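The structure appears right after this line, and notes come after that.
Derivation of every value follows stated rules applied to the coordinates shown; laboratory data play no part. Fair warning: this is a prediction, and the values are worked out from it, not measured in the lab. Cβ placement follows ideal geometry from the backbone for every residue including glycine, while neighbour counts extend to all protein chains displayed.
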Ligand code: ARG
């Protein structure tokens with residue numbers, strides 16, 4: 001579509017014959033009307049009114065008169081100072097469908113990323129604590145961005161910045177010593193540890209004595225005490241085991257699990273560099289970096305000399321700059337950390353070069369609430385993500401078996417549908433929107449859901465199977481796609497055509513919802529088409545072949561689109 005914009009811009013440019021206005025300026029103002037009644041593209045002539053000293057309507061009419069014919073454009077209309085352009089659908093139909101058939105599952109892929117290094121840091125749960133719905137949203141967002149950037153040809157590194165260091169481990173160690181015998185650590189280590197933490201934390205808050213022991217514990221841990229390091233490694237191991245169970249279900253990939261602990265021995269250098277650069281300032285005994293008047297300073301060392309979360313993030317920035325030489329380093333967290341990252345990124349100015357510093361990006365996402373009950377409280381009333389996943393799969397299975405009692409692999413399909421429904425639900429909302437979540441809504445087969453999109457794919461497959469369509473055997477050049485003239489056909493093809501630019505937009509806006517919503521649009525356009533246009537019962541062999549290709553092309557876009565979101569698609573359901 002970008003290329004069509006260019007064509008239209010040059011048509012307008014040639015018609016205008018005015019050296020004060022550049023093609024680029026014209027192109028940047030070209031819009032795509034929401035309502036297709038107003039054309040595929042529109043150019044508002046209001047921008048020109050001042051320069052040309054004429055009314056927008058007059059200008060629009062003049063341009064229309066002078067515009068030369070172009071094979072890509074079927075019609076130009078003037079409406080209220082807008083020039084509306086209608087694309088020649090015959091051309092699009094051919095280009096798009098042939099392109100999809102030729103590229104197959106590669107459709108949508110590009111090389112524009114040119115192997116440039118991008119880091120996506122995501123998931124990053126805090127060990128010895130449950131993986132809650134926030135981390136789940138984080139993980140599916142990160143997964144999607146990871147895949148989208150890969151699809152665009154970037155060299156992507158996925159990092160799980162585990163929360164595996166900090167004073168809380170001093171507290172947990174004390175709790176573990178006191179209470180471990182009361183728990184089933186064998187079978188439910190994560191639940192046990194998080195419960196232990198909640199209990200001991202309460203005590204430590206009221207009892208200074210306990211807090212001192214905890215401090216002492218962490219200090220020893222920092223210094224590499226053997227027994228405590230062993231305990232810490234055990235906490236980390238059992239946590240990761242549990243998280244990996246979830247990652248496997250979600251198909252998450254990480255190239256590195258270097259979390260906060262990894263930077264324990266890399267923070268001194270940060271302090272030294274900041275100091276050498278004159279950025280480290282004394283503030284009531286603490287060492288801080290000023291980050292502007294509109295934010296509190298970034299604390300690097302507390303008054304007792306200990307490092308904090310931000311110090312580890314600064315060390316990570318230095319390490320990642322050196323190790324990955326990134327163009328972009330994207331951090332995904334909840335909105336609570338917006339200020340933290342603003343401070344840290346600003347402080348990083350004194351640590352790394354401007355180029356890398358500009359590449360630091362924080363992507364935040366809103367809250368998740370359950371329609372009934374609470375998601376998580378500090379008191380430990382938590383919905384475990386594993387439970388939610390199990391529940392979704394169980395419900396999906398009931399629905400599927402009800403709909404299709406003879407389905408083979410019902411368990412596999414239930415997995416794909418249940419898990420896919422959850423992922424889709426989290427990704428279809430804009431990332432900054434809070435989500436009020438209801439499992440039954442999420443699993444509906446009608447409406448804006450994962451199962452609806454998956455089901456549309458399954459429909460395309462069953463149509464193609466019925467007519468015995470085989471993509472490998474078709475002679476694409478023998479089909480006259482101009483036969484696809486119905487409104488519903490053209491609309492569907494126009495949707496399919498957008499795929500590449502949707503992938504680009506979803507990645508560049510850090511907004512997988514762009515792709516999720518697009519897939520709903522494709523599914524809806526497909527339903528409209530299939531309601532109006534028969535595929536199997538056609539006398540006209542050419543029309544039949546053309547429609548089969550359209551159905552096939554739809555199946556490719558949906559399956560590929562879902563997979564970029566991290567969602568598997570059943571072939572039957
Ligand atoms: N572990 C943190 C949490 O669960 C998120 C870490 C975000 N990443 C970072 N580099 N600080 O809240």
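Based on other C-beta atoms within 10 Å, arrange 178, 504, 547 from fewest to most.
Ascending Cβ contact count within 10 Å gives the list 178, 504, 547.
Treating the angle as unsigned and between 0 and 90°, give the value, to the nearest 10°, between the Cα long axis of helix 450-466 and the longest Cα principal axis of the chain.
The angle comes out near 50 degrees.
Let me check against my output: what whole-number percent is the relative contact order of the chain, with C-alpha pairs under 8 Å and at least 6 apart?
15 percent
When you count, for each residue, the other Cβ atoms within 10 Å and take the mean per peptide, how do 394-404, 411-421 rank with the highest first?
The most tightly packed comes first, giving 411-421, 394-404.
Which whole-number percentage describes the relative contact order of region 105-178, with Cα contacts under 8 Å and a sequence gap of 6 or more?
44 percent
For residue 406 and residue 540, FRET efficiency with R0 = 30 Å and r from the beta-carbon atoms, rounded to 0.05?
The computed FRET efficiency comes out at 0.30.
For region 383-452 and region 19-96, compute the distance between their C-alpha centroids and round to whole Å.
The distance from the Cα centre of region 383-452 to that of region 19-96 comes to 44 Å.
For region 31-161, list log₁₀ I(q)/I(0) at each q in 0.18 Å⁻¹, using the Debye formula over Cα point scatterers of equal strength and ignoring solvent, two decimals each.
-0.96
What do you get for the angle between helix 338-347 and the principal long axis of the chain? Use alpha-carbon atoms, 0 to 90 degrees, nearest ten.
80 degrees
Of all DSSP beta bridges in the chain, what percent run antiparallel (nearest 5)?
Around 50 percent antiparallel, to the nearest 5.
Starting from the Cα gyration tensor of the chain, take the square roots of the eigenvalues, sort them a ≥ b ≥ c, and report rounded, prolate or oblate (rounded when a/c is under 1.5, otherwise prolate if a/b is larger than b/c, else oblate).
Oblate is the answer for the chain, as a/c is 1.5 or above yet b/c matches or exceeds a/b.
For the Cα atoms of the chain, what angle does the longest principal axis make with the long axis of helix 513-532, in degrees from 0 to 90, nearest 10?
40 degrees
Could you rank the peptides 551-560, 118-127, 252-261 by their average count of other C-beta atoms within 10 Å per residue, with the highest value first?
Ranked from most to least packed, the peptides come out as 118-127, 551-560, 252-261.
Fewest Cβ neighbours within 10 Å first, please rank 472, 497 accordingly.
Starting with the residue having the fewest Cβ neighbours, the order is 472, 497.
Measure of size requested: the Rg and Dmax of region 419-573, with Cα atoms as the atom set and Å as the unit; please supply both.
Here Rg and the maximum Cα pair distance are 16.2, 51 Å.
Determine the relative contact order of region 484-573: mean sequence separation of Cα pairs under 8 Å and six or more apart, normalised by residue count, in whole percent.
33 percent
I want to check the label-to-label distance for residue 114 and residue 485. Put each point 7 Å from Cα in the C-beta direction and report it in nm to one decimal.
Label-label distance for residue 114 and residue 485, simple model: 4.6 nm.
Given 0.36 nm per residue, what is the gain on full extension from residue 105 to residue 75 after removing their alpha carbon distance, in nm?
Working it through step by step, the gained length comes to 7.4 nm.
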